[in-house]
Amino acid sequence: MEEHQTRLTSSEIAALWSSVQNNSMAICVFKHFIKNVDDEDIKSIINNALSISEENLSLSEKILREDKQPIPVGFRDEDFNPNAPRLYSDTYYLYYIKNMAKVGLSVYGVALATSAKSSVRDFLSKAIQSSTNLYNKTSDVLLSKGLFVRPPYVSTTNEIDFIDQKNYKGGLLNINRRPVNVIEISHVYANIETNLVGQVLLTGLTQVAQTNEVRKYCEKGKDIATKHVKLFSAILTDDDIPVPTPSDLTVSNSTIAPFSEKLIMFHTALLIQSSTSNYATAAAASLRKDIATTYVRLAVEVTSYASDGVNIMIDHSWLEEPPQIINKKNFSNQ
């Protein structure tokens, strides 16, 4: 059936515009990784991730161009220093790519559900499949090297039951609270892992940031991620659940920046967006009031941190303005 030709909707423009921004940034990051990797299996994963980002960028720009939409500046060669030495370990590359594949699945999945145009849906569907394949390939390499950190194993009851008491939700003071359930464990562990990846990333970015303002901002983000890891870990350890953590997520002693200050700030903003979304989902899924309240409280902290970052990017003209609707009030006032 031939599709009636229409313009891109606001949601479709937003998805493609964000894809250009995110993938152009990812290309710079993966180019740095590929120039500083020793393990051939991990190099293959990085090459795959780079190819996916390049293809997604090309297709996003193509669809925008066909609709006569402006192409975002995004990130280009000047945002990447090809001569910068290694900043992160080979192992970290795997955890980083695994996390970014998860972000891709979430972002493209939401975008697909709000798109109508077949060319956009085709692009987003392929992007979801590419993210899925990348996640699986990265997981396979982690497993083959004994590096995949599984969520905690737990002993569960053998009975099916229904909640019949409101005190199952507990109180804010954490008195006589019930143990965490497996859904809560799943979200808590996922947020521990995400914050660990962000903590290591920001440790490296703090080290190479060229301006004091960006350096302090990254350092604050690193401290926030460290604190959140401790808070989430405590939820598990309070119920005698071990907290599995990845190893060899090391940062080199290099102080030579592989990325521009603009890219560093944008990358940090992308991490914040992911955390805010994760916390909202986890809060909604957590039936214990103290856990849900923790997510809400931490989301407020992250949102405030994000606002500070936006101000820095605006001050330096690093924040590209998303497509705006025409202000018709200006016409009526003429």
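The values are calculated or read from the model by the stated rules, or taken from the named source; none is laboratory data. Keep in mind that what you see is a predicted model, and the values were worked out from it rather than measured. All Cβ positions, even for glycine, are placed from backbone atoms using ideal geometry, and neighbour counts span all protein chains on display. The area values use the complete protein model at the heavy-atom level, side chains included, leaving out ligands, DNA and RNA. Shrake-Rupley method; radii C 1.70, N 1.55, O 1.52, S 1.80 Å.
Determine, yes or no, whether T250 is of a type in the set (V, I, T) and at pLDDT 95 or above. Judged against the criteria, T250 is not a match. Against the conditions (1) farther than 28 Å from V182 by Cα; (2) open to solvent by 40 Å² or more (accessible area, probe 1.4 Å), R297 satisfies every one except (1). When V110 is tested against the conditions (1) closer than 15 Å to I13 by Cα; (2) assigned to a helix (DSSP H, G or I); (3) open to solvent by less than 20 Å² (accessible area, probe 1.4 Å), the lone failure is (3). Taking every residue in segment 183-205 that is over 19 Å from A284 (Cβ atoms) and free of Cβ contacts under 8 Å to residues at least 40 places away in the same chain and pairing it with any residue that is open to solvent by less than 10 Å² (accessible area, probe 1.4 Å) and not aliphatic (A, V, I, L, M), at least 6 positions away or on another chain, the pairs with Cβ-Cβ distances below 9 Å are Q199/G221; Q199/H228. The condition (being loosely packed, with under 12 Cβ neighbours inside 10 Å, outside any helix (DSSP H, G or I) and among the β-branched types (V, I, T)) is satisfied by just one residue among I325, I256, I314: I325. Just to check your reading of the model, which residue among V29, V73, V20 is surrounded by fewer than 21 Cβ atoms within 10 Å (Cβ to Cβ) and of a type in the set (A, V, I, L, M)? That would be V73, the only listed residue that is surrounded by fewer than 21 Cβ atoms within 10 Å (Cβ to Cβ) and of a type in the set (A, V, I, L, M).
Within segment 151-175, being at pLDDT below 70 and polar (S, T, N, Q) holds for N167, N174. Which ones in segment 259-300 are hydrophobic (A, V, I, L, M, F, W, C), under 18 Å from Q210 (Cα atoms) and outside any helix (DSSP H, G or I)? F259 - this is the single residue of segment 259-300 that is hydrophobic (A, V, I, L, M, F, W, C), under 18 Å from Q210 (Cα atoms) and outside any helix (DSSP H, G or I).
Only residues that are open to solvent by 70 Å² or more (accessible area, probe 1.4 Å) and free of Cβ contacts under 8 Å to residues at least 40 places away in the same chain: list them for segment 45-55, please. Explain how you work it out, then say what you get.
In the first step, residues of segment 45-55 are kept if they are open to solvent by 70 Å² or more (accessible area, probe 1.4 Å); the result is 54-55.
If the condition is that a residue be open to solvent by 70 Å² or more (accessible area, probe 1.4 Å) and free of Cβ contacts under 8 Å to residues at least 40 places away in the same chain, then E54 is the only one that fits.
Filtering segment 279-290 for residues that are free of Cβ contacts under 8 Å to residues at least 40 places away in the same chain, among the small types (G, A, S), on the phi < 0 side of the Ramachandran plot and surrounded by fewer than 18 Cβ atoms within 10 Å (Cβ to Cβ) leaves a non-empty set. Every condition in (1) assigned to a loop (DSSP other than H, G, I, E, B); (2) touching a residue at least 12 places away in the same chain (Cβ under 8 Å) is met by I235 except one, and the failing one is (1).
Within segment 206-228, the only residue that satisfies the criterion of being under 16 Å from the mean Cα position of the chain (by Cα) and closer than 15 Å to A257 by Cα is C218. Every condition in (1) aliphatic (A, V, I, L, M); (2) open to solvent by less than 20 Å² (accessible area, probe 1.4 Å); (3) out of contact with any Asp or Glu (no Cβ under 7 Å at 6 or more places or on another chain); (4) closer than 23 Å to F75 by Cα is met by A225 except one, and the failing one is (4).
Total residues in segment 3-17 satisfying the condition of being crowded, with 20+ Cβ neighbours inside 10 Å, of a type outside the set (D, E) and part of a helix (DSSP H, G or I): the figure is 3.
Scanning segment 133-168 for residues that are aliphatic (A, V, I, L, M) and open to solvent by 70 Å² or more (accessible area, probe 1.4 Å) yields L143, I160, I163.
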